[in-house]
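As structure tokens, the structure follows; a few thoughts come after it.
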Amino acid sequence: MTATEAKLLVAKRATEFIEDGMAVGLGTGSTATQFIQQLALRVEQGLRIRCVGSSKASHDLAKSLSIEMTTFRETPVLDVAVDGADEIGPGLALIKGGGGALLREKIVISAARSFIVIADSSKIVDRLGRFPLPVEVIQMATPLVERKVRDLGLEPTLRRDKDGSPHVTDEGNYILDCACGQIADPEQLAASIRGIVGVVEHGLFLGMATRALIASDEGVIEKMP
Ligand code: 5RP
């Protein structure tokens, strides 16, 4: 199965968890994009839902596909959020933010009663840390945060766009991709990073996923925390 086929498989399965009347958080990235496209097909067939996007890209895509969008003022609690991940570790601890949308993704997921993570099996790891941990930072604080994450033993690299300029998130911040090596204690690392002034959010999503749908050659495997 190709990666695209795997993403499509889990995206389709995830739409089966969406019921009429639900408020849905839409993730960001190539897997979440497939989910939004599959969801749009169900909307076309009459499913009535309202959604909040976790990035401008996902919001715009959903809107272009005639999915009704809402805001947290109108809809402060979502029934479910569906999103991809860069790594899925034990207990469904995740690294996210490869697509640069970690801040809004965490906001959307935190507003949801449940969070279904969708991915292909290449994202499963025994221990988090193979994927560099994205950390979103206030632009002017970046040099200070870089020094402090180095003090924690991480190796930060400022994310850049293809033209070489620093990547700017939807919220106007920079991202440091922090090589961690295997993360022995994700909770402790999350707390240490959170304690650095100038850090807006980090890509450790701990205790948030309530279900994982993983595409494998045998089909979709469901995992619970
Ligand atoms: C974006 C994310 C994505 O969910 C993550 O990067 C996975 O992306 P993809 O589905 O393209 O592999 O966290 O910020």
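Values in this text are rule-based calculations from the coordinates and carry no lab data. All of these numbers come straight from a predicted model, not from anything done at the bench. Glycine also receives a Cβ, built like all others from the backbone with ideal geometry; neighbour counts cover every protein chain displayed.
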message = I'd like the antiparallel share, as a percent to the nearest 5, of DSSP beta bridges with both residues in the stretch 25-113.
response = 25
inquiry  = Can you give me the convex hull volume of the Cα atoms of the stretch 46-145, divided per residue and expressed in Å³?
reply    = 136
query = Once the Cα gyration tensor of the chain is diagonalised, what are the square roots of 5 times its eigenvalues, in whole Å and ordered largest first, as equivalent ellipsoid semi-axes?
reply = 29, 20, 15
Sorted by Cβ density within 10 Å, fewest first, the residues VAL82, VAL145 = VAL145, VAL82
ask   = When averaged across all projection directions, what area in nm² does the alpha-carbon convex hull of the stretch 133-199 cover?
value = 4.6
ask   = What pairs from LYS96/LYS123; LYS96/LYS162; LYS7/LYS106; LYS7/LYS162 go past 19 Å between their alpha carbons?
value = LYS96/LYS162; LYS7/LYS106; LYS7/LYS162
ask   = In degrees from 0 to 90, rounded to the nearest 10, what is the angle of the helix 3-15 Cα long axis to the longest principal axis of the chain?
value = 60
request  = Provide the gained length on full extension for the span ASP161 to LYS63, in nm with one decimal, where the gain is 0.36 nm per separating residue minus the Cα-Cα distance.
outcome  = 32.7 nm
task = Work out, step by step, the length gained on full extension between THR71 and SER216: first 0.36 nm times the residue separation, then minus their alpha carbon distance; give nm to one decimal.
result = 48.7 nm
inquiry  = Please rank SER64, SER58, fewest neighbouring Cβ atoms within 10 Å first, as an exposure proxy.
reply    = SER64, SER58
Loop sites in the stretch 40-140: trypsin sites (Lys or Arg not before Pro), DSSP, at most 12 other Cβ within 10 Å = ARG48, ARG73
key: Neighbour net charge for ASN173 - beta-carbon separation under 10 angstrom, K R +1, D E -1   = -4
message = Can you tell me what share of the DSSP beta bridges in the chain is antiparallel? A percent to the nearest 5 is fine.
response = 55
task = Show the residues, 5+ positions off or on another chain, whose built amide H is closer than 5 Å to the amide H of CYS178.
result = LEU133, VAL135, THR157
